[in-house]
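Please read the structure below before turning to the comments.
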Amino acid sequence: MKIIDDNLLNNLAEEAKKSPRLRMNYNFHQSLQDKCHRFLNALEPGTQIPVHHHPTKDETFVILKGRVRVLTYNDQGEVMESCVLSHEDGLYGADIPKNVWHSLECLEPCVLLECKEGPFIEHDVDGILEIAK
């Protein structure tokens, strides 16, 4: 059994701070080929999570610590929905249906529990949506 406690969350957050990507995963699944991926994702402000989608996979985020904005987009890159996940506000998670463009914006150091179908497939060009600045 793996226990999710302050020690695990704090250690993971420290690893995220040291990472060039300003984020770090802690996987509960044993392999990238597993059918269900369950993991913690620690994010630091400034991390870049591009607008992307999973054509065949739903994705669920549950906030364990901190604050993060979850955004969804249409095919033209326009924001459709925006929600800040935070325990303080009673907003604990979001479920993103397959093929919905989405991104995350870390507002303060946070740790999310994420679940999605495996196996892991690297995003190709069609999986990332370029947004005009």
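Counting just the residues of the range 1-18 that are free of Cβ contacts under 8 Å to residues at least 12 places away in the same chain and part of a loop (DSSP other than H, G, I, E, B), which one comes out least open to solvent (accessible area, probe 1.4 Å)?
Within the range 1-18, the match that is least open to solvent (accessible area, probe 1.4 Å) is 5.
Which members of the range 35-76 meet the condition of being in a loop (DSSP other than H, G, I, E, B) and either modelled with pLDDT of 95 or more or among the charged types (D, E, K, R) (or both)?
35, 44, 45, 57, 58, 74, 75
Hey, can you tell me all the residues within the range 61-77 that are open to solvent by 50 Å² or more (accessible area, probe 1.4 Å) and touching a residue at least 24 places away in the same chain (Cβ under 8 Å)?
Once the filter is applied, which keeps residues that are open to solvent by 50 Å² or more (accessible area, probe 1.4 Å) and touching a residue at least 24 places away in the same chain (Cβ under 8 Å), the range 61-77 yields 62, 64, 65, 67, 69, 75.
Condition first: in contact with a helix residue (DSSP H, G or I) (Cβ under 9 Å, 6 or more places away or on another chain), acidic (Asp, Glu) and within 25 Å of residue 129 (Cα to Cα). Can you find one or more residues in the range 53-71 that meet it?
Among the residues of the range 53-71, not one is in contact with a helix residue (DSSP H, G or I) (Cβ under 9 Å, 6 or more places away or on another chain), acidic (Asp, Glu) and within 25 Å of residue 129 (Cα to Cα), which makes the answer no.
So is residue 22 of a type in the set (A, V, I, L, M), more than 13 Å from residue 106 (Cα to Cα), open to solvent by less than 60 Å² (accessible area, probe 1.4 Å) and touching a residue at least 24 places away in the same chain (Cβ under 8 Å) or not?
Taking the combined requirement at face value, the residue does not satisfy it.
Here is a check on your reading of the model: is residue 44 over 18 Å from residue 85 (Cα atoms), surrounded by 13 or more Cβ atoms within 10 Å (Cβ to Cβ) and in contact with a strand residue (DSSP E or B) (Cβ under 8 Å, 6 or more places away or on another chain)?
No.
If I filter the range 77-121 down to residues being among the charged types (D, E, K, R), within 15 Å of residue 61 (Cβ to Cβ) and in a strand (DSSP E or B), which single residue comes out as modelled with the lowest pLDDT?
117
Looking at (1) open to solvent by 30 Å² or more (accessible area, probe 1.4 Å); (2) more than 12 Å from residue 110 (Cα to Cα), which is the one condition that is false for residue 57?
(1)
So for the range 30-41 (the condition being without any contact (Cβ under 8 Å) to a residue 60 or more places away in the chain, over 21 Å from residue 109 (Cα atoms) and among the aliphatic types (A, V, I, L, M)), does at least one residue qualify?
no
The values are calculated or read from the model by the stated rules, or taken from the named source; none is laboratory data. As the structure is a computational prediction, the values presented were derived from the model and not from experiment. Please note: Cβ atoms are built from the backbone with ideal geometry, for glycine as well, and neighbour counts cover all protein chains shown. Just the protein is used for accessible areas: all its heavy atoms, side chains included, with ligands, DNA and RNA removed. Shrake-Rupley method; radii C 1.70, N 1.55, O 1.52, S 1.80 Å.
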